[in-house]
Amino acid sequence: MNIPATRKDLMIVNMGPQHPSMHGVLRLIVTLDGEDVIDCEPILGYLHRGMEKIAENRTIIQYLPYVTRWDYLATMFTEAITVNGPEQLGNIQVPKRASYIRVIMLELSRIASHLLWLGPFMADIGAQTPFFYIFRERELIYDLFEAATGMRMMHNFFRIGGVAADLPYGWIDKCFDFCNYFLTRVIEYQKLITRNPIFLERVEGVGFVGREEVINWGLSGPMLRASGIQWDLREVDNYECYEELDWEVQWQKEGDSLARYLVRIGEMVESIKIIQQALEGIPGGPYENFEIRCFDREKEPEWNDFEYRFIGKKSSPTFELPKQELYVRVEAPKGELGIFLIGDQNGFPWRWKIRPPGFINLQILPQLVKRMKLADIMTILVQDINSFSGLESFKEVYGILWILVPILILILGITISVLAIVWLEREISAGVQQRIGPEYAGPFGILQALADGTKLLFKENLIPSRGDIRLFSIGPSISIISILISYSVIPFGYNFVLSDFKIGVFLWIAISSIAPIGLLMSGYGSNNKYSFLGGLRAAAQSISYEIPLTLCVLSISLRAIR
C-alpha cells in the first residue's frame with residue numbers, strides 16, 4: 001500500500017486577479033508554510049494602460065472623458081484633479097456656485113466609493129448581506145448623478161472654471177431627501193456589522209500599521225488617519241469651499257483593519273454633513289467662468305494643420321497651458337490623488353504624471369501579510385478598518401448576555417403591562433357594574449389576575465363532560481404558545497434595540513393574533529352555549545383592546561430604550 005508522504009517544504013500559491021470582473025488588476029504570488037504567509041509579491045496588471053501618454057497628446061477638454069477610467073468608483077475626483085491643475089496654472093477663478101456644486105458631487109462620489117468598498121470587503125470576510133445593502137444606497141447616488149450630469153458613472157461633468165451644467169430643478173430637494181435617508185442606513189450598517197463578534201475576530205488587530213510606518217511608506221487616506229494622524233487634504237490645502245463648511249477629520253489610533261473600517265464609516269457621515277451644509281448655503285450666480293473661453297487660447301493650434309482641416313466635427317477649445325510646473329492634489333476616498341503637470345505654452349501638457357493613492361498604499365502589503373494567516377490576506381488587501389469600545393474585550397464571556405438580557409426584559413415588561421391592564425379592566429368593570437370584585441392578592445389587588453390564572457391551572461377538572469376534549473384541550477395551548485412564539489420572532493440586536501423595528505412589530509402582531517382562535521376553539525369545544533359566548537367575549541376583548549394595548553406598551557418601551 002502506498003502511503004502519501006507529508007511534504008514539509010514551502011508552497012507557492014497564485015492569488016488573483018483580485019478583481020470581480022477578472023480584469024487582471026492585481027495578482028499575488030504568496031509563499032505559504034501551511035496556513036502561515038511567509039512572503040507575498042504583488043504583480044500589477046495592465047488595466048487602462050497609457051493614461052499619462054494619452055493626456056500628453058490631448059487637450060484638457062479632450063482628455064476629460066478618459067479620466068473617469070482611472071478610478072470608476074470615484075469618478076468625480078479624477079475629473080476634479082484634471083481641471084484643478086490647469087486652473088491653478090492659469091490662475092483661473094471658479095465661481096462660488098460652481099465650487100459648491102463641485103463639493104456636493106465630490107462628497108456624493110466619496111460615499112459611493114466607500115459603499116462599494118464596504119460591500120465587497122464584508123463579502124471577502126464571509127458576510128454577504130451588506131453587499132446587497134450597499135447597492136441599494138449606491139443606486140440612489142447614481143440617480144442623482146444621472147439627473148445632474150446625464151451619466152451614472154462616466155460623468156464628464158467638471159470643466160476648467162466650473163462645471164458643465166447647473167443643477168436641474170428639484171435636484172437639491174432630492175439630494176436633501178437622500179441625505180436624511182442615508183443617515184438611517186449608516187446606523188443600520190453599524191448595528192449589523194460593528195458589534196458583530198465574528199467580524200471583530202476577523203479584523204481586530206489584523207494588518208496593524210504604526211504611526212511612523214505610515215509616514216515612512218507615504219500612505220494616505222483612511223490608512224493614514226487610522227494610525228493616529230489627523231491629515232486630510234480638504235483641511236490642509238483648503239481647496240474648493242471646504243473651509244467654509246463645518247466638518248471634522250475622522251481618525252483612529254489603533255492602526256488595524258478595524259480602525260480603517262471605522263474611519264470610512266465616519267467619513268460617510270461627515271460627507272453627509274458637508275453635503276447638507278453645501279445644499280443649504282449654495283449661492284446663486286454662474287456655474288462656469290465663461291470668460292476663460294475668450295482668453296489663453298492657443299495662437300497656432302495643431303488643429304489648423306492640414307491633417308485636421310477635414311475633421312467632420314467641431315474641435316474642442318484649446319487652452320494654452322503656461323510654461324510652468326505644478327503638483328496638485330485632492331483627498332480622494334482611497335487617499336491622496338495627485339497630478340504633476342508641466343505646461344509648455346501649448347494646448348497639450350508637456351508632462352502629465354499621475355499619483356494614484358491605491359498604488360502607493362499597496363507598497364506595504366507584503367510587510368503586512370507576513371506572519372499572518374492566508375485568510376487574513378483579503379482582510380488586509382481590501383484595506384478595511386474597524387475599532388470598538390472597551391466592552392468588546394469581554395465579548396467572549398458576556399456575549400450571550402447581550403442577547404438574553406433584552407429578551408428577558410421585554411418578556412418581564414410585557415407581563416407586568418398585561419397584569420396592570422387586566423387589573424385596570426377589573427376595576428373599571430367593577431365601578432361600572434357597581435360591584436367590587438375579589439381584591440385579595442397583592443397590594444390593592446394588583447396580583448389578583450395572576451392569582452386567578454394560577455387557580456385555574458390547579459383546579460381538579462377543567463374539561464367539561466359533554467364537550468369535545470380535543471378542541472377544548474388544544475385551544476388554551478394555541479393561545480399560550482402563540483404568545484410565547486411571538487417573543488422568539490422579534491429580531492433582536494445589541495444595545496437592547498430591535499434590529500428592524502417595523503418587521504419585528506409586524507411579526508409580533510401576526511403571531512399573537514392567533515390567540516383569539518384558541519379562545520374560540522375552547523368555547524366551541526365546551527359544547528355549552530354560555531361557554532361559547534364567553535369564548536366569543538374573550539376573543540373580542542383580545543382583538544379589541546388587549547392586543548393593541550400590549551402593543552402600545554411594547555412600542556413605548558422599545559422607543560424609550562432606543
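The values are calculated or read from the model by the stated rules, or taken from the named source; none is laboratory data. Every value quoted in this text rests on a predicted model; they were computed, and no experiment measured them. Heads up, the Cβs are rebuilt from the backbone with ideal geometry, glycines too, and the neighbour counts pull from every protein chain shown. Ligands, DNA and RNA are excluded from the accessible area calculation, which covers all protein heavy atoms including side chains. Shrake-Rupley method; radii C 1.70, N 1.55, O 1.52, S 1.80 Å.
With the crude spin-label approximation of a point 7 Å out along Cα→Cβ, what separation in nm comes out for residue 147 versus residue 429?
5.6
With a 1.4 Å probe and all protein chains left in place, how much accessible area per residue does the stretch 86-129 have, in Å²?
Normalised by residue count, the accessible surface of the stretch 86-129 is 26 Å².
Starting from the Kirkwood radius over alpha-carbon pairs of the stretch 147-203, derive D by Stokes-Einstein at 4 °C in a medium of 1.567 mPa s and give it in µm² s⁻¹.
88
Could you tell me what percent of the accessible area of the stretch 160-224 is made up of carbon and sulfur, with a 1.4 Å probe and every protein chain present?
57
Simple spin-label model, 7 Å along Cα-to-Cβ: residue 13 to residue 371 in nm?
2.0
Over the stretch 159-303, with the other protein chains present, what is the accessible area per residue in square angstrom, probe 1.4 angstrom?
Dividing the accessible area of the stretch 159-303 by its residue count gives 47 Å².
So how do 409-417, 336-344 stack up, highest first, on mean other-Cβ count within 10 Å?
336-344, 409-417
Let me know the whole percent of all Cα-Cα pairs from the stretch 170-263 that are separated by more than 23 Å.
43
Residue separation times 0.36 nm, minus the C-alpha to C-alpha distance between residue 165 and residue 96: what's the value?
Going from the current span to full extension adds 23.4 nm.
Per the Kirkwood treatment, what hydrodynamic radius in Å, one decimal, follows for the stretch 88-236 from the mean inverse distance over all distinct Cα pairs?
18.0
Restricting to DSSP loop positions (anything but H, G, I, E, B) with no more than 13 other Cβ atoms inside 10 Å of their own Cβ, which chymotrypsin sites (Phe, Trp or Tyr not before Pro) remain in the stretch 69-114?
72
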